[in-house]
Amino acid sequence: MNLQFLIIDPQNDFANPNGSLFVPGADKDSDRLVEMMKRHLSKIDEIHITLDTHHLLDIAHPLFWIDTKSKHPAPFTCITLEDVLNGKWQTSNPSFQERAVAYVNTLQKNGRYDLIIWPPHCLIGSQGNNVVSPIAEIVLDWERTRLAMVDYVTKGLNIWTEHYSAVEANVPDPDDANTQLNTRLIENLASADIIAISGQALSHCVANTVRDIANNFGEENIRKMVLIEDTSSSVPSFEHLGQDFLTEMKARGMQTAKYTDYLV
């Protein structure tokens, strides 16, 4: 049996209580995931870890936008196409305006998410970008035990598009292959018999990554995916998105399990 783990964005800014975008419960999620992995360390064939990785200047960070008084938006502000067209929000750098309008217009058309301004998080070179301690330690133990390497998948470096999914940016940039479909990751996961899925946040990056894998996987492969429910939490006020994702993917054949019950 080929057992692979897909751990989505298990980083300090999400999973450490001191993180800039801490997801309540994520610290306990990490502890539960580590306890489960310890039981199966010698049986895990591959581990894939996605890493949200951003510049301070990013279309979903406050610095990118200003209002009519040249003030940056507060975190969790929603910016709609109407807001941009009527001048409520404009880009801090005027040369960015045309491209930003096109971006929010495309977001509105694809209907998945509005543009949300997040606290600056997972900045390149920062402590917040690092894998949270207990998970970092267990995957190093796995590398020593198996003489193998974790597959780290970075996302979010392109400032022009949000990149919730590790498989594809919300709006792929035709000039940046890193924002386009990650066929390598999909093909690696397709070789598994079981894919154990965990990470942060259930409402956003987990939901989008799993959906995008499923949409490019073939329906018969979706049954390989097992979301460990009590090792993943939603961003507060977005819990409905996490629940919608679970309902949708269970209907398509994704399995779920508790960390204490999985592969006992």
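Just so you know, all these numbers are worked out from the coordinates, no wet-lab data involved. All values reported here derive from a predicted model rather than from experimental measurement. Virtual Cβ from ideal backbone geometry, glycine too; neighbours counted across all protein chains shown.
Couplings 3J(HN,Hα) of the range 96-104, computed from phi: 8, 4, 4, 5, 5, 4, 4, 5, 5 Hz, in residue order, whole Hz [Karplus 6.51 cos²θ - 1.76 cosθ + 1.60, θ = phi - 60°; x for Gly and Pro]. Look at where the Cα atoms of the range 12-43 and of the range 88-115 average out, and the two centres are 33 Å apart. Amide hydrogen proximity for Y152: with H placed 1.01 Å from N in the peptide plane, the residues at 5 or more positions away or on another chain lying under 5 Å are I49. For the chain, the longest principal axis of the C-alpha atoms and the axis of helix 133-146 are separated by about 50°. When only the Cβ of Lys, Arg, Asp and Glu is charged (+1, +1, -1, -1), the dipole of the range 164-221 relative to its Cα centre reaches about 200 debye. Over the range 62-116, one equal point on each Cα, no solvent: what is log10 I(q)/I(0) by the Debye formula at q = 0.12, 0.17 Å⁻¹? So the normalised log intensities are -0.23, -0.47.
Arranged from fewest to most other beta-carbon atoms within 10 Å of their beta carbon, D173, D114, D230 become D114, D173, D230. Projecting the Cα atoms of Q200, N215, L246 onto the charge dipole of the range 197-247 (Cβ charges, centred on the Cα centre) puts N215 farthest toward the positive pole. For the chain, the longest principal axis of the alpha carbon atoms and the long axis of helix 239-251 meet at an angle near 50°. Peptides 54-60, 4-10, 16-22 ranked from most to least packed, by the mean per-residue count of other Cβ atoms within 10 Å: 4-10, 54-60, 16-22. Distant-in-sequence amide contacts of W65, defined by a placed amide H-H separation under 5 Å and a gap of 5 or more residues or a different chain, comprise S92. Whole-Hz Karplus values for the range 172-184 come out as x, 8, x, 9, 9, 4, 5, 9, 9, 3, 8, 5, 4 Hz, taken residue by residue from phi with 6.51 cos²θ - 1.76 cosθ + 1.60 and θ = phi - 60°; glycine and proline positions read x. Evaluated over the Cα positions of the range 76-154, the convex hull gives a direction-averaged projected area, one quarter of its surface, of 7.9 nm².
Shown for the range 122-264 is the translational diffusion coefficient from the Stokes-Einstein equation, using the Kirkwood radius over Cα pairs, a temperature of 37 °C and a viscosity of 0.692 mPa s: 201 µm²/s.
Helix 26-39 axis versus longest C-alpha principal axis of the chain: approximately 30°, rounded to the nearest ten. Could you identify which residue out of N178, N208, N93 has the top mean-square fluctuation in a GNM of the chain using Cα springs shorter than 10 Å? Maximum among the listed residues: N93. Each residue of the range 185-198 was assigned a 3J(HN,Hα) from its phi angle through the Karplus expression (A = 6.51, B = -1.76, C = 1.60, θ = phi - 60°), giving 5, 4, 5, 5, 5, 5, 7, 7, 8, 9, 10, 8, 10, 8 Hz with x at Gly and Pro. Distance between the 7 Å Cα→Cβ label points at A102 and A190: 3.1 nm. Put the Cα centre of the range 120-152 next to the Cα centre of the range 236-264 and the gap is 24 Å. Would you list which lysines come within 20 Å of K258, measuring only between C-alpha atoms, while excluding same-chain residues fewer than 8 positions from it? Once the sequence-local lysines are set aside, what remains near K258 is K28, K38, K43, K224, K250.
For Rg and Dmax of the Cα atoms in Å, the value calculated from this model appears in (i) 26.3, 112; (ii) 16.9, 50; (iii) 18.5, 60 under label (iii). Each of I228, L115, I59 was placed along the dipole of the chain (beta-carbon charges, centred on the mean Cα), and the one lying farthest toward the positive end is I228.
Rounded to the nearest 20, the size of the Cβ-charge dipole of the chain about its Cα centre is 160 debye, with Lys and Arg at +1 and Asp and Glu at -1.
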